[in-house]
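The structure appears right after this line, and notes come after that.
The values are calculated or read from the model by the stated rules, or taken from the named source; none is laboratory data. None of these values were measured; they are calculated from a predicted model. Virtual Cβ from ideal backbone geometry, glycine too; neighbours counted across all protein chains shown.
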Amino acid sequence: MKNREQFLVIDSAMNNQEVAPQADNLTCPRCQLSHIKRNGHTYYGKQNYRCQCCGRQFVLRRQKLSDEAKQLICRLLLERISLRGICRLLDVSLCWLLNFMRQIYQTVPDDLFFRMPKESEFELLCLEADEMWSFVERKSNKQWIWLVLERRSGQIIAVQIGDRSEKSAAALWQKLPPELKANALILTDHWEACASAIPPEQHTACGKRSGQTSLIEGFNCRLRQRVSPLVRKTTSFSKNQANHQGAINYFLSHSNLERQKLTFAV
Ligand SMILES: [Zn+2]
């Protein structure tokens, strides 16, 4: 029997669950008396209490999440872990997490923290562009992720999420900063939309086998492995466009900062 008790203690610690306090130690938020009884659980599984004097029902508010726990969530959002997994690990509600994510995603700048490689203004910038398939809410709602990668530093300069048409390719080209667009050569695969959106003197289409777009293809693969809504054959996928865009931009901006640490190391 003792083993079972030990197991339950360890299990509740592992699941990060606080043991609900005894009703005797509580006071009513309305009449301040301490005749409190347990009164079942709420829809979200929290212990409900009821004051025997005035009939007021209440649940205990959870303590505020520490800054360390919030930082941990920021890091977990960059790994291939489902949102419900994060909720279970840190004992937060999905509603709270979605709200927190929205705030985090809003802090990502439009330029994804991209920084020009040192002394690159004097040379031709070699960029690789490619698109990868994803979906939002249902598989029929295809959302192609178009990316442009700068070869020397491995950073992502621009991202466009939309269909696979010329319009998306043109929107991607428009997102490149003008000073960078002026002396850049873009390598893509043979997808026609790219050829029509990029000026021909700045565009080269190469076959997959040439290896000229291997960096961006490798990056796409990494993106799919790390951003949970993009992992294939799972039940974790984005339910709305804003979260989809947010999760991708958040990962890209972190990836850029990581690349800068490697390539601009003093
Ligand atoms: Zn009361």
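Brief remarks follow.
- Exclusive hit being in the same structural domain as Pro229 (by TED's automatic domain parsing) and in a loop (DSSP other than H, G, I, E, B), set Glu137, Glu128, Glu79: Glu137
- Of residues in the stretch 1-46 being within 16 Å of the ligand (Cβ to nearest atom) and among the charged types (D, E, K, R), the one modelled with the lowest pLDDT: Asp24
- Restricted to the stretch 140-153, and to residues there that are buried (at least 16 other Cβ atoms within 10 Å of the Cβ) and within 20 Å of the chain's Cα centre (by Cα), the residue that is nearest to Ala170 (Cα to Cα) is Trp146.
- Where Leu124 falls short, out of the listed (1) surrounded by 15 or more Cβ atoms within 10 Å (Cβ to Cβ); (2) under 27 Å from Phe264 (Cβ atoms): (1)
- Residues that are crowded, with 17+ Cβ neighbours inside 10 Å and not in a helix (DSSP H, G or I) within the stretch 205-230 comprise Ala205, Gln212, Thr213, Val227, listed in sequence order.
- Residue within the stretch 155-173 that is over 30 Å from Leu98 (Cβ atoms), in the same structural domain as Asn141 (by TED's automatic domain parsing) and β-branched (Val, Ile, Thr) present: no
- When Ser214, Ser210, Ser228, Ser236 are checked against the criterion of being touching a helix residue (DSSP H, G or I) at 6+ places or on another chain (Cβ under 7 Å) and not hydrophobic (A, V, I, L, M, F, W, C), a single residue qualifies: Ser236.
- Count of the stretch 47-76 residues, restricted to those that are part of a loop (DSSP other than H, G, I, E, B) and away from the ligand (no atom under 16 Å from the Cβ), is 6.
- A search for C-beta distances below 9 Å between a residue of the stretch 198-223 that is within 19 Å of Ser168 (Cα to Cα) and any residue that is assigned to a helix (DSSP H, G or I) and small (Gly, Ala, Ser), counting only pairs 6+ apart in sequence or on different chains, returns Ile198/Ala169; Ile198/Ala170; His203/Ala195; His203/Ala197; Ala205/Ala195.
- The set of residues in the stretch 155-194 being of a type in the set (Phe, Trp, Tyr) and either under 20 Å from Ala247 (Cα atoms) or assigned to a loop (DSSP other than H, G, I, E, B) (or both) consists of Trp191 alone.
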